[in-house]
Amino acid sequence: MIRFAALALCAALLAPAAHAGSQEAPCCATGDLGLIVERASGSLLVVDQSERAAIGRIEGLGDLSHASLVYSPDERFAFVFGRDGGLTKVDILTQKITGRVMQAGNSIGGAISDDGTLIAVANYEPGGVRVFDAGTLEMVADIPTGSKTIGLVDAPDRRFVFTLWDAGETWIADFSGDAPKITKVPGIGKNPYDALIAADGRTYIAGLFGEDGLTALDLWDETPEPRRILPGYGKGREGLPVYKMPHLEGWALAGEEFVLPAVGQHEVLWVDARDLTETARTKTHGQPVFAMSRPGGRQVWVNFAHPLNDTIQVIDTRSHEVIHELTPGPAVLHMEFTARGTEVWVSVRDADRVDIYDAATFEKIGEIAAKSPSGIFFTARAHRMGL
């Protein structure tokens, strides 16, 4: 327990400095830490990966029923996007809130610019995107859209990309100059509900709820044009009730294939990442919510919507076949791999715990008590685009 003792000492040393408003450098590293959203209590659980243990709790973050967060480049600060429109900045070393603004009535996620200076938040009410200074949380831009705004991601060169549910458009906001420049791309499709960006920042894919298919943009083009992919993938089959929409930022890129959850179907779709053509389909236990690639791309782990949300399936990326199944417990909401993929942490909301598995052997190697846990976010995310 030497490491835990060192962390405890660090927290003790930081506390007086934080109380006095000191900006002295912290005494601890952040690379082994993470945050778990406790959705029912409006709190964040601070965890240590090596200890497989909780080391603190940050409270007072409002409605976290659909919360996500991003990290500053130094991994010390997290910016939390609450469903109630709250944008909260927390210090994971002092385990305190350092800033909070109620920026909208209903928020659905956000992103941090590639240089770490801007925080963008996507809003349902009043719609649009608002952009804030990462240091002060002062608003620097208000981009009204007249629509619910979804699929907000960061893109290279201080750009943000987001999509409009009502208008079926994708907007690209470029903050590289003195004033933001907005490029509007119409013709995305009916009711786009979420989106992802590839790790190289080139391909942006929006999923469509109002029609069968998805739409891709090549962000390297001077004037990106929408390209429909997998049109009619559910043709000839009755769509099942959708109890929970897939989270497309959890789509996997495994090797040279995207792995995409099929809306209203019990399957995942495999798409060639180079030419965006379908390569395979895998039947699954239920309607996929997250399809997440283990670092290295050897496996994809999938969880499912209610009422089949007690199960995780592991798919081999070469054979496209399910090779293992786990049943952690009621309401598996989220999964997060450690940076090199040795472990996967799983939130089991209705059991009030997070389970930890060896990603190679599938053996359960630990668990942590948590209050209705949902999203799990390790600090390694600070160095990855689109998360």
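Within segment 96-127, work out how many residues are farther than 16 Å from Ala195 by Cβ and either touching a Cys at 6+ places or on another chain (Cβ under 6 Å) or not small (Gly, Ala, Ser) (or both).
Our first condition is that a residue be farther than 16 Å from Ala195 by Cβ; within segment 96-127, this holds for 96-107, 112-119, 125-127.
Going one step further and asking which of them are either touching a Cys at 6+ places or on another chain (Cβ under 6 Å) or not small (Gly, Ala, Ser) (or both), we end up with 96-98, 100-103, 106, 112, 114-115, 117-119, 125-126.
Going through segment 96-127 one residue at a time, the tally reaches 16.
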Based on what the data block shows, is Asp115 surrounded by fewer than 17 Cβ atoms within 10 Å (Cβ to Cβ), modelled with pLDDT of 95 or more, part of a strand (DSSP E or B) and out of contact with any Phe, Trp or Tyr (no Cβ under 9 Å at 6 or more places or on another chain)?
no
Over segment 174-196, the set of residues under 15 Å from Ile229 (Cα atoms) and in contact with a Ser or Thr (Cβ under 7 Å, 6 or more places away or on another chain) is Ile188, Gly189, Pro192, Ala195
Scan segment 32-52 and give yes if some residue there is more than 19 Å from Asp133 (Cβ to Cβ), more than 17 Å from the chain's Cα centre (by Cα), at pLDDT below 95 and buried (at least 21 other Cβ atoms within 10 Å of the Cβ), otherwise no.
no
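How about segment 67-83: which of its residues are more than 14 Å from Phe377 (Cα to Cα) and touching a strand residue (DSSP E or B) at 6+ places or on another chain (Cβ under 7 Å)? Before you say what the answer is, go through the steps one by one.
Filtering segment 67-83 down to residues more than 14 Å from Phe377 (Cα to Cα) leaves 73-74, 82-83.
If the condition is that a residue be more than 14 Å from Phe377 (Cα to Cα) and touching a strand residue (DSSP E or B) at 6+ places or on another chain (Cβ under 7 Å), then Gly82, Arg83 are the ones that fit.
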In segment 363-387, residues that are under 15 Å from the mean Cα position of the chain (by Cα) and under 12 Å from Gln49 (Cα atoms) total 5
Asn106 vs (1) at pLDDT 95 or above; (2) surrounded by fewer than 18 Cβ atoms within 10 Å (Cβ to Cβ): all pass except (1)
In segment 65-81, anything of a type outside the set (Ser, Thr, Tyr) and at pLDDT 95 or above is listed as Leu69, Val70, Pro73, Asp74, Glu75, Arg76, Phe77, Ala78, Phe79, Val80, Phe81
In segment 313-360, residues that are within 18 Å of the chain's Cα centre (by Cα), surrounded by 21 or more Cβ atoms within 10 Å (Cβ to Cβ) and among the β-branched types (Val, Ile, Thr) total 5
Of the residues in segment 116-143 that are farther than 13 Å from Gly86 by Cα and among the small types (Gly, Ala, Ser), the one that is nearest to the chain's Cα centre (by Cα) is Gly116
Here the qualifying pairs (Cβ atoms under 6 Å; residues six or more apart or on different chains; first in segment 97-115 and farther than 18 Å from Phe377 by Cβ and of a type in the set (A, V, I, L, M, F, W, C); second surrounded by fewer than 21 Cβ atoms within 10 Å (Cβ to Cβ) and at pLDDT 95 or above) come out as Val101/Leu137
Going through segment 124-142 in order, the residues found to be more than 23 Å from Thr203 (Cα to Cα) and without any contact (Cβ under 8 Å) to a residue 40 or more places away in the chain are Tyr124, Pro126, Gly127, Arg130, Asp133, Gly135, Thr136, Glu138, Met139, Val140, Ala141, Asp142
Pairs returned, first residue in segment 73-84 that is of a type in the set (Gly, Ala, Ser), second residue that is at pLDDT 95 or above and outside any loop (DSSP other than H, G, I, E, B), beta-carbon separation under 6 angstrom, 6 or more apart or interchain, are Ala78/Leu35; Ala78/Leu69; Ala78/Tyr71; Ala78/Val90
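The values are calculated or read from the model by the stated rules, or taken from the named source; none is laboratory data. Predicted model, so just to flag it, every value in this text is computed and none were measured. Note that we place each Cβ from the backbone using ideal geometry, even for glycine, and neighbour counts take in every protein chain shown.
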